[in-house]
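Asker: If you scroll down you'll find the structure; I have some questions about it.
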Amino acid sequence: MKTLQIFSLITLMSCLSTASFAQAAKKESFKVAGECGMCKKKIEKAAKEAGATYALWNSDSKVLVVKYNSTSTNSAKIQQKIAGVGYDTQKYKATDDAYNSLDDCCQYERSGVKVDCCDTEKCKTAACCKDGKCTPETSDCCKKS
């Protein structure tokens with residue numbers, strides 16, 4: 001009889017702990033700017049470093065799906081961490097220094113940010129950038145197609 005009571009108590013405690021953990025788990029998705037497979041690795045790594053237990057970024061849709069325990073982190077912390085490594089999110093914009101430190105293949109079109117076409121290493125040597133300056137006729141020469 002005592003064994004049955006102990007077993008019942010253990011089962012009840014197990015069910016309660018599972019139910020309380022399930023309430024703290026959250027799943028969200030939001031847009032994150034990026035371009036390639038290297039971006040995917042960096043974005044997902046940053047999300048996990050910020051407390052996400054699951055992170056999957058789709059390079060076509062630019063949507064990151066995260067799962068996290070809401071008692072230890074939140075969407076804002078995750079997005080801040082991602083912006084900190086150079087990728088704009090829905091709520092946070094990466095600093096210019098963080099964005100500029102990305103590899104050339106990872107640099108995406110930043111909406112609302114005017115970038116001089118001669119600012120990147122690749123473009124400083126391009127024929128359209130005379131003396132390190134863009135001309136009005138060639139201002140789009142180094143932008144991605």
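The values are calculated or read from the model by the stated rules, or taken from the named source; none is laboratory data. Just so it is clear, the model here is predicted, and its values are computed rather than measured. So basically every Cβ, Gly included, is an ideal-geometry build from the backbone, and we count neighbours across all protein chains shown.
Asker: Would you check if there is a residue in the range 76-94 being farther than 21 Å from Cys106 by Cα and assigned by TED's automatic domain parsing to the domain that holds Cys106?
Answerer: Looking through the range 76-94, at least one residue is farther than 21 Å from Cys106 by Cα and assigned by TED's automatic domain parsing to the domain that holds Cys106.
Asker: With respect to Asp88, is the statement that it is within 16 Å of Gly34 (Cα to Cα), among the charged types (D, E, K, R) and at pLDDT 95 or above true?
Answerer: Answer is yes for this residue.
Asker: Additional query: When the range 65-94 is examined, which residues are found to be out of contact with any helix residue (DSSP H, G or I) (no Cβ under 6 Å at 6 or more places or on another chain) and crowded, with 18+ Cβ neighbours inside 10 Å?
Answerer: Tyr68, Thr73, Ser75, Gln79, Ala83, Asp88
Asker: Looking only at the range 43-101, how many residues end up being part of a helix (DSSP H, G or I) and of a type outside the set (D, E, K, R)?
Answerer: 14
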